Amino acid sequence: DAGVIQSPRHEVTEMGQEVTLRCKPISGHNSLFWYRQTMMRGLELLIYFNNNVPIDDSGMPEDRFSAKMPNASFSTLKIQPSEPRDSAVYFCASSPPGQPYEQYFGPGTRLTVT
Amino acid sequence: KNQVEQSPQSLIILEGKNCTLQCNYTVSPFSNLRWYKQDTGRGPVSLTIMTFSENTKSNGRYTATLDADTKQSSLHITASQLSDSASYICVVSVISGTYKYIFGTGTRLKVLA
């Protein structure tokens with residue numbers, strides 16, 4: 001199994017630009033989570049999906065952030081417009097049916113906004 | 001306020017030694033507690049998960065304990081190896097209609113040869 005796949009691994013962009021992060025969950029998993037990690041705040045849950053439906057987006061910092069899951073094998077996290085304070089590592093994780101706490105994390109996308 | 005505090009923030013030990021990491025939480029209502037290991041540049045990997053009724057759980061050289069009365073957990077690493085150098089994150093889940101996770105900021109462990 002390839003595990004959770006994220007792309008790109010690194011992204012450097014200028015303030016004001018749109019950024020799209022991508023995630024492919026483990027095949028057969030039905031829950032998908034987006035996290036952000038910074039030195040100051042640690043790991044934070046942004047949003048999670050169950051069976052492709054967004055369940056809780058209360059962790060999304062503001063309207064500049066949006067996430068979609070058009071099918072069971074793909075999700076995106078978009079930031080528009082990006083700001084320097086969005087610089088962080090963004091992780092995607094997935095979990096199998098009936099085991100929402102057994103999350104498997106991807107390698108992360110390191111985002112730098114200048 | 002739901003909080004998870006980990007100590008120490010960082011720790012340096014010699015290879016072969018044991019160590020214990022602490023996690024105190026003020027989360028309610030409690031669902032479960034997980035310990036993750038995160039290598040530099042990688043995503044977290046689950047080590048253990050414990051529910052309210054479990055006091056201890058082992059995963060190889062890693063042993064986690066949970067005292068639900070005092071709201072404390074510890075992660076004990078036995079006979080440390082260089083590969084144990086990583087950050088260890090404690091995560092407490094809240095019982096609610098949706099998934100709610102409270103993350104600690106982690107303990108950074110460095111094992112020296």
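The values are calculated or read from the model by the stated rules, or taken from the named source; none is laboratory data. The structure displayed is predicted, hence computed values, not measured ones. Backbone-built Cβ (ideal geometry, glycine too); neighbour counts: all protein chains shown. To get the accessible areas, we keep the full protein, side chains included, count just its heavy atoms, and leave off ligands, DNA and RNA. Shrake-Rupley method; radii C 1.70, N 1.55, O 1.52, S 1.80 Å.
In table form, for the structure just shown:
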{"item": "Accessible-area composition of chain A, carbon plus sulfur, in percent [1.4 Å probe]", "result": "50 percent"}
{"item": "Highest-MSF residue in chain A out of A:ILE79, A:ILE26, A:ILE55 [GNM, Cα springs under 10 Å]", "result": "A:ILE55"}
{"item": "Accessible area (Å², per residue) of the protein assembly as shown, counting only protein heavy atoms and a probe of 1.4 Å", "result": "49 Å²"}
{"item": "List B:LEU112, A:LEU46, ordered by accessible area with a 1.4 Å probe, largest first", "result": "B:LEU112, A:LEU46"}
{"item": "Cysteines in the protein assembly as shown that, by Cβ-Cβ distance, have no pairing candidate under 4.7 Å", "result": "B:CYS19"}
{"item": "Per-residue mean of C-beta atoms belonging to partner chains within 10 Å, peptide B:96-103", "result": "5"}
{"item": "Ratio Rg/Rh [Cα only; Rh per Kirkwood] for segment A:46-114", "result": "0.97"}
{"item": "Exposure of A:VAL12 as accessible area (Å², to 10), given a probe of 1.4 Å and all protein chains", "result": "110 Å²"}
{"item": "Protein accessible surface hidden between B and A, which excludes ligands and nucleic acids, total in Å², probe 1.4 Å", "result": "1600 Å²"}
{"item": "Within 10 Å of each Cβ in A:37-45, the average number of Cβ atoms from other chains", "result": "4"}
{"item": "Carbon and sulfur %, accessible surface of segment B:1-112 computed with the full protein complex present, 1.4 Å", "result": "50 percent"}
{"item": "26 Å Cα-Cα threshold exceeded, pairs from A:LYS24/B:LYS110; B:LYS17/B:LYS100; A:LYS78/B:LYS100; B:LYS57/B:LYS100; A:LYS78/B:LYS71; A:LYS68/B:LYS57", "result": "A:LYS24/B:LYS110; B:LYS17/B:LYS100; A:LYS78/B:LYS71; A:LYS68/B:LYS57"}
{"item": "Chain A - percent relative contact order, Cα under 8 Å, separation 6 or more", "result": "37 percent"}
